Amino acid sequence: MAGPQGVASVFAALVGGVNEWADSRLRVLTGGPGAGKSALLEALRAAGYSVMDEAGRAIIQDQTLIGGQALPWGNPRAFAEAMLTWELRSLRLAAGLSGPVFFDRGLPDVLGYLDLLGLPIPAHMQSAAERFRYCRQVFLLPPWRDIFIQDQERKQTFAEAERTCAAMERTYRRLGYQIIEVPPAPLAQRLRFVIEQSLPGRGERAGQFEA
């Protein structure tokens, strides 16, 4: 792992001008809730790849624990600001890692969340999403009814999950990203698909997850 100065220099390299793309190792997985994204990212982690955790669920858990108001059903604007800070921190952490890094959502998801709610996107959030870039090819996991469940943090209905996915896809495309849709399939197949798309020829590393 790079030292503090090395991390700073690598992070600075990610801060190109508008429409300047980061290197291909920063891979984002996005979509609607209940699509198997978390399970896929955990499989990537188990296969030895670096994974940056999702902002939303962790923030909801923390805010609920401390009685905070930065919650999607409490203060969605404050929730979005918390997610923005989380995603910037994730990029800083990724700058100190070698090899591909898989992100459970990215900065554009914050914009997509506000778009979904019909709320204005603050200029600083738009600027962050344009300035800090990931690999241009983004993995999209649409909601999958067969595996969709609700829990304490995931309160959306399936219809809301579909609208969320559409908002995220719309936002990423607006920012110039190219969408790669991950098909509904057993976890081992999805894992191979993502690895092969990210690192051609490496899909066989997913073999250990065969049933």
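When both residues are 6+ apart or on different chains and their Cβ atoms are under 7 Å apart, which pairs have a first residue that lies in the range 45-65 and is part of a helix (DSSP H, G or I) and at pLDDT below 95, and a second that is acidic (Asp, Glu) and surrounded by 15 or more Cβ atoms within 10 Å (Cβ to Cβ)?
From the range 45-65, the pairs are Ala55/Glu87; Arg57/Glu153; Ile60/Glu153; Gln61/Glu153.
So which pairs qualify, if the first residue must be in the range 124-146 and of a type in the set (S, T, N, Q), the second must be buried (at least 18 other Cβ atoms within 10 Å of the Cβ) and not in a helix (DSSP H, G or I), the Cβ gap must be under 8 Å, and the two must be at least 6 apart or on different chains?
Every condition considered, the pairs that remain are Gln137/Arg27; Gln137/Tyr177.
Go through (1) at pLDDT 95 or above; (2) closer than 27 Å to Leu199 by Cα one by one and return the number of the condition Gln126 breaks.
(2)
Could you list, in sequence order, the residues of the range 1-34 that are over 18 Å from Ser90 (Cα atoms) and modelled with pLDDT of 90 or more?
Within the range 1-34, Gly31 is the sole residue that qualifies.
So, in the range 114-138, how many residues would count as being surrounded by fewer than 23 Cβ atoms within 10 Å (Cβ to Cβ) and aromatic (Phe, Trp, Tyr)?
Counting residues in the range 114-138 that are surrounded by fewer than 23 Cβ atoms within 10 Å (Cβ to Cβ) and aromatic (Phe, Trp, Tyr) gives 1.
Is there a residue being out of contact with any strand residue (DSSP E or B) (no Cβ under 9 Å at 6 or more places or on another chain) and at pLDDT 95 or above anywhere in the range 134-152?
No; the residues of the range 134-152 include none that is out of contact with any strand residue (DSSP E or B) (no Cβ under 9 Å at 6 or more places or on another chain) and at pLDDT 95 or above.
Pull out all pairs, ordered by first then second residue, where Cβ-Cβ is under 7 Å, the residues are six or more apart or on different chains, the first lies in the range 181-197 and is crowded, with 18+ Cβ neighbours inside 10 Å, and the second is basic (Lys, Arg).
Val182/Arg190; Ile195/Arg202; Ile195/Arg205
Being more than 27 Å from Pro100 (Cβ to Cβ) and either over 18 Å from the mean Cα position of the chain (by Cα) or modelled with pLDDT of 95 or more (or both) is the requirement here; does Gln189 meet it? Explain how you work it out, then say what you get.
Numbers: more than 27 Å from Pro100 (Cβ to Cβ): no; either over 18 Å from the mean Cα position of the chain (by Cα) or modelled with pLDDT of 95 or more (or both): yes.
Against the criterion (more than 27 Å from Pro100 (Cβ to Cβ) and either over 18 Å from the mean Cα position of the chain (by Cα) or modelled with pLDDT of 95 or more (or both)), Gln189 does not qualify.
The values are calculated or read from the model by the stated rules, or taken from the named source; none is laboratory data. All values derive from a computational prediction rather than experimental measurement. Positions of Cβ are backbone-derived with ideal geometry, glycine not excepted, and every protein chain shown enters the neighbour counts.
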